[in-house]
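Notes follow once the structure below has been shown.
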Amino acid sequence: ELKVEQNPLFLSMQEGKNYTIYCNYSTTSDRLYWYRQDPGKSLESLFVLLSNGAVKQEGRLMASLDTKARLSTLHITAAVHDLSATYFCAVPMDSNYQLIWGAGTKLIIKP
Amino acid sequence: NAGVTQTPKFQVLKTGQSMTLQCAQDMNHEYMSWYRQDPGMGLRLIHYSVGAGITDQGEVPNGYNVSRSTTEDFPLRLLSAAPSQTSVYFCASSYSKGASTDTQYFGPGTRLTVL
């Protein structure tokens, strides 16, 4: 059974600081997705990581994938308040494209 | 281009009532899915469809039915609502099943309370 674990589940940090969110998964996968959800809103796609060693960056967010370690990281550089949200990672299960989701990391960035 | 739309946005039901959550997309996407989101549990897949006339079960299908008569629409039916079905429901679509670059587009969600 594929399990996806994120940590931490809750993170409160100061503006300007750096931090990393981790996403571990239990079976082989060569793809991983990161999504963002603002409070009371829907989910929007941040990154699609397609292969071992993939790295993608957008603004202050950078995501990477290590398929051998079954680990993805989402790194936040010099955090700003606008990045406050819940971040989810998701991994496809086999070839039927069912996504298994992590529980989410709620990120609060204080001025 | 409206993307993925869902109705209603909010709904309160009594135990035993039935209802249909509507989902439509105007992007000609083959793949559509329904998730429920509960606090601290991420999203769980209820049912999905890879094209008109084709549906399959996800992780948590019990108590729900779906159909896909057109590419655009993918309604979710609650047969006999139970308090355990209180949740936020999201519909999502993507261009095709299994394409490695696919990302899912989500609707705005339906917040359902079952009393």
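See the values below:
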quantity: Euclidean distance of C-alpha centroids, the range B:59-115 and the range A:48-67, integer Å; calculated: 28
quantity: Cα centroid of the range B:26-49 to Cα centroid of the range A:25-39, whole Å; calculated: 14
quantity: Local net charge near B:Gln25, Cβ-Cβ under 9 Å (Lys/Arg +1, Asp/Glu -1); calculated: -3
quantity: Net charge over other residues, Cβ less than 15 angstrom from the Cβ of B:Val4 (K, R count +1; D, E count -1); calculated: -3
quantity: Radius 13 Å from Cβ of B:Pro61, net charge of other residues (Lys, Arg +1; Asp, Glu -1); calculated: +1
quantity: Cβ-derived FRET efficiency at R0 22 Å, B:Thr103 paired with A:Tyr19, nearest 0.05; calculated: 0.35
quantity: Rounded to 5, the percent of DSSP beta bridges in chain B classed as antiparallel; calculated: 90
quantity: Whole-number D in µm²/s for chain B (Stokes-Einstein; Kirkwood sum over Cα pairs; 37 °C, 0.692 mPa s); calculated: 234
quantity: Vicinal HN-Hα couplings computed from phi for the range A:23-33 (Karplus, 6.51 cos²θ - 1.76 cosθ + 1.60; Hz; Gly/Pro x); calculated: 9, 9, 9, 9, 10, 5, 8, 9, 9, 7, 10
quantity: Computed magnitude of the charge dipole of the range B:9-89 (debye, nearest 20; Cβ of K, R +1, Cβ of D, E -1); calculated: 360
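Every number in this text was worked out from the coordinates using simple rules, so none of it is lab data. The structure displayed is predicted, hence computed values, not measured ones. When we count neighbours, we look across all protein chains shown, and the Cβ atoms used for this are built from the backbone with ideal geometry, even at glycine.
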